[in-house]
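The values are calculated or read from the model by the stated rules, or taken from the named source; none is laboratory data. If you're wondering where the values come from, they're calculated on a predicted model, not measured in any experiment. Here the Cβ positions follow ideal geometry from the backbone for every residue, glycine too, while neighbour counts run over all protein chains shown. Just so you know, the surface numbers come from the protein's heavy atoms only, side chains and all, with ligands and any DNA or RNA stripped out. Shrake-Rupley method; radii C 1.70, N 1.55, O 1.52, S 1.80 Å.
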Amino acid sequence: MGTALGRAFADAGVTVVGPLGRDFEPASLAGGPASLTGNPGSPVRAVDAVLLCVPDSEIAGVARRVPAGPLVGHCSGATGLDSLAPHEAFSLHPLMTLVGRESSSEAFRGAGCAVAGSTAGALALARRLASTLGMTAFEVAEQDRVAYHAAAAMASNFLVTLEAAAERLAASAGVARERLVPLVRATVDNWAALGPERALTGPIARGDAEVVAAHRGEVARRAPELAWLFDELVRATRSLAAADEPVGPPAARDPLRTVAEVRRHVAAARRGGQTIGLVPTMGALHEGHLSLIRRARSECDQVVVSIFVNPTQFGPGEDLTTYPRDEPRDVARAREAGATVVFAPGVEEVYPRGFATTVSVTELSDGLEGATRGSEHFAGVSTVVTKLLNMVQPDAAYFGQKDAQQAVVIRRLVADLDVPVRIEVCPTVREADGLALSSRNAYLTAEERERAVALRRGLDAAERAVADGERDGRELVSRAREAMAALGVEPEYVEVVDPDTLEPVATVSGPVLVAVAATIGRARLIDNALVDPPSSLVDPPTARPGREVSPELLKPAAKAAPIPVTTIPAGTRRTEIGAEPCNA
Ligand code: AMP
């Protein structure tokens, strides 16, 4: 900018000394005949004004090196005049983009120019300099400068980013960038002449949801890295077309706090023909949660991840107050995994004053976790999940097999209350040694962490026993308890239950759920395995793709494509209730 301005001023008849460069000699400003004011008779200053064209962060430092006398100015958009103290100061921000090709005063003709001055004289000089180059001067209040500069960046820099994205997609269709240029020019002319609402054309303005959905599909296929940008632009464009409230960029929006905001987002997506997935979580996101988000993203256009540590599902003396919370990290991780919206309401938003309703799924909630944590636990879970489903109204909601009883309870409530949603249950993601990932693993000391693998070992022992022909439910429980005791862990419960009714199974004759809970140090942990005795196999494994999960897929970092059939311990099969393998 410095060089271009220097040339342009010289071209317009202003006497210019420099550009001087960063290592300028301060004394060089104290002598010489130059006059920017065109008043060579002025005795006071060797130069009338010094214009600093340096990065914003360097303005103050360079200004301090300029000897007292001349007016000192900068050409930053976002910086105020304080940075030029102690000089009589001005600023000049040409609202123009220069890429080094322009070489004369013509480069600036017709542009706007934000001007400021610490005195009337300084402001007059800034205005005069602007008009010398044919620019239209305007003032921006100090407190508005950053916003003004951000607007300029959006109008210019982001437009280039957008065109680069369009170019990439066009190239995938064999269309050269030159073909886009007249379209871009006409669009900018229309926007300039008519304003945004009238300049907007195309399928979103026409309300052609099918075309938008088809676009989305091809963008995701050909340039998946652009899919999130496409989604956000669809949102913003829809909002413009509907003359709705303007929407901000995700970073400013995240996380959404209110039901109204989330509904507005979902409604806009639905108008664009998009599908919605919901992943309810209590935060402290780990690979288990992320596998749910990735799965949701692979099946839905929009993925709402809720983060809410639900107080009503914690019993007295449980870890509600100490539950790990790190919202900024969770928002970033959720976004990276494919969340398009993070919804993190406060307790008052979910349970406003006067809240009086409880959803309770009887019987299924009574055993296992319900028996140990108290009946209020699942009442809390069922109520909050019902509320989240009503708030978001997703096409599908994603839960982990890790909380097997929770998944059964939620399937029941959705069926009983006719909630129009598909419930998807994803396989448990584990550490390499088999420990199921859990937010509460963070409570474990190193020694406790070693013992925590006992839950998985207990399940393995029960599974092995079934493979060896054991069918007595009580015997399976004993085997699991023994394996856990070997690691010094006493379970709160080990139970062998029916995977659908959760009723205890005395004699194994079909698939059973082996569920276990244990408290190790401060951490209360749960785990489960779905075990099929060989005799219960009706279909050959390949006839039921999707119900089997490769052990590879249970590892946190597994990248493998979904594998329909697993290698299984001799004579047994591990299955997941209704689960499709997640792309963990
Ligand atoms: P939470 O934040 O603990 O309420 O969990 C939110 C969702 O993530 C629930 O549906 C859990 O079942 C699921 N989830 C938790 N841990 C895992 C894991 N290790 N693997 C898969 N899903 C999990």
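What the table below lists for this structure:
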| item | result |
| --- | --- |
| Phi-based couplings in Hz for segment 106-113 (Karplus 6.51, -1.76, 1.60; Gly and Pro marked x) | 4, 4, 9, 4, x, 6, x, 8 |
| Interchain or long-range residues, amide H under 5 Å from Thr15's placed H | Ser35 |
| Net length gained if the chain between Leu194 and Ser360 were fully extended (0.36 nm per residue, minus Cα distance) | 54.1 nm |
| Burial order of peptide ranges 450-456, 387-393, 145-151 (average beta-carbon count within 10 Å, highest first) | 450-456, 387-393, 145-151 |
| Accessible surface of segment 105-211, 1.4 Å probe, proportion on carbon and sulfur as whole % | 60 |
| Radius 13 Å from Cβ of Leu417, net charge of other residues (Lys, Arg +1; Asp, Glu -1) | +1 |
| For Gly400, residues with placed amide H under 5 Å, excluding near neighbours | Cys426 |
| Residues of segment 365-460: accessible area per residue with a 1.4 Å probe, Å² | 34 |
| Computed E for Leu98/Glu218 - FRET, C-beta separation, R0 35 angstrom, nearest 0.05 | 0.45 |
| Vicinal HN-Hα couplings computed from phi for segment 273-279 (Karplus, 6.51 cos²θ - 1.76 cosθ + 1.60; Hz; Gly/Pro x) | x, 8, 9, 10, x, 10, 10 |
| Packing-based ranking, highest mean first, of 68-79, 47-58 given that Cβ atoms within 10 Å are counted | 68-79, 47-58 |
| Cβ-derived FRET efficiency at R0 45 Å, Val347 paired with Asp56, nearest 0.05 | 0.60 |
| Nonlocal amide H pairs with Cys75, under 5 Å, H built at 1.01 Å | Leu52, Val54, Leu92 |
| Rounded to whole Hz, the Karplus (6.51, -1.76, 1.60) HN-Hα couplings of segment 290-296, x for glycine and proline | 5, 5, 5, 5, 4, 4, 4 |
| Ranked by how many other beta carbons lie within 10 Å on average, peptides 128-136, 162-170 from highest | 128-136, 162-170 |
